[in-house]
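Inspection log for the structure reproduced underneath, given as structure tokens.
Each value in this text was obtained by applying a stated rule to the coordinates, not by laboratory testing. This one's a predicted model, so the numbers in the text were calculated from it and none came from an experiment. For neighbour counting, all protein chains shown are included, and Cβ atoms are generated from backbone atoms with ideal geometry for every residue, glycine included.
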Amino acid sequence: MDFRTLQLRLIAHIKARVRNGEVTERNLARLSGISQPHIHNVLKGARVLSAESADLIVRCLRVDLLDLLAEGEESENWGKIGREMQPCRTVPFLDGSIGPGHPFPAGSTAEGYPFLAADLDGIESPVAARLAPDPRMADLAGDDSVALLDRSEAQRQDPDEESYYAADLGGESVVRRVRRAARSLYLLGRNTGEDPHGWQCVSLSDRSLLEIIRGRVRLVVRRF
């Protein structure tokens, strides 16, 4: 094994712990003395992790280097890290946030978010979207949430009632489950349940389904 392989395994280990909520970029920066922007850029692959910085992180997170060396170990912990070591692919962000009070973003930016390649399997037109706070989606959407959207027409034309979709309401955007009626589209938040009185009705008389449903939510993660 060369040093670069060990370094990549350490980065994968850090990303796994960030995703699992065990540590945040801010806390890691405070504990290690490394700047938060540098840690962020290392985790998304835009900067190199130096040996000195790697040593600081190993010490403050109490990483056992034997775990990183033990390629092929069948323990549950190694399996979790191994999944995080899959190839990543950066997906562009929409230029804006999705949520109440925010118009649906008109385009994308040069900035991207790294998803595991396996998470992108079968997605024809992926894009990342920041989710603004939403009282009806309180346990899903927030300032630190990023959604992976599938913008393919096939996913939008025939919505699944159990999935979540990014909807453009004209001047405002939301993430909701949807139910389609003859001339209307009903939007359901996570806290509305099966009571139709809590559903938001959107007319399909002057806008097509594809104009309203802009993407299917395939995954929501907490931002690094």
Across the stretch 56-64, in residue order, what do the Karplus-derived ³J(HN,Hα) couplings come to in whole Hz, using 6.51 cos²θ - 1.76 cosθ + 1.60 with θ = phi - 60° and x for Gly and Pro? 4, 5, 4, 5, 6, 8, 6, 6, 8
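Could you please report the charge total around R176, scoring K, R as +1 and D, E as -1 over all other residues with beta-carbon less than 13 angstrom from its beta-carbon?
+1
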Counting only residues 5 or more apart in sequence or on a different chain, those whose built amide H sits under 5 Å from that of Y164 are V217
Per residue of the stretch 162-173, in order, report the coupling 6.51 cos²θ - 1.76 cosθ + 1.60 (Karplus, θ = phi - 60°) as ³J(HN,Hα) in whole Hz, putting x for Gly and Pro. 9, 9, 10, 9, 8, 10, 9, 9, x, x, 8, 9
Out of residues 5 or more away from E172 or on other chains, whose amide H comes under 5 Å of its own, with H placed 1.01 Å from N in the peptide plane? F104
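As a footprinting exposure proxy, order C60, C201, C88 by other Cβ within 10 Å, with the fewest listed first.
Ascending number of Cβ neighbours within 10 Å: C201, C60, C88.
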Would you kindly derive the ³J(HN,Hα) couplings of the stretch 40-47 from the backbone phi angles with the Karplus curve 6.51 cos²θ - 1.76 cosθ + 1.60 (θ = phi - 60°), listing them in order in whole Hz, with x for Gly and Pro? 4, 5, 5, 5, 8, x, 8, 9
What net charge is computed for the residues neighbouring E153, neighbours being all others with C-beta under 13 Å from the C-beta of E153, Lys and Arg scored +1, Asp and Glu -1? 0
Using modelled backbone amide H atoms (1.01 Å from N, in-plane), which distant-in-sequence or interchain residues come within less than 5 Å of K44's amide H? none
Most positive-pole-ward Cα, G96, G112, W199, against dipole of the stretch 92-224 from beta carbon charges: W199
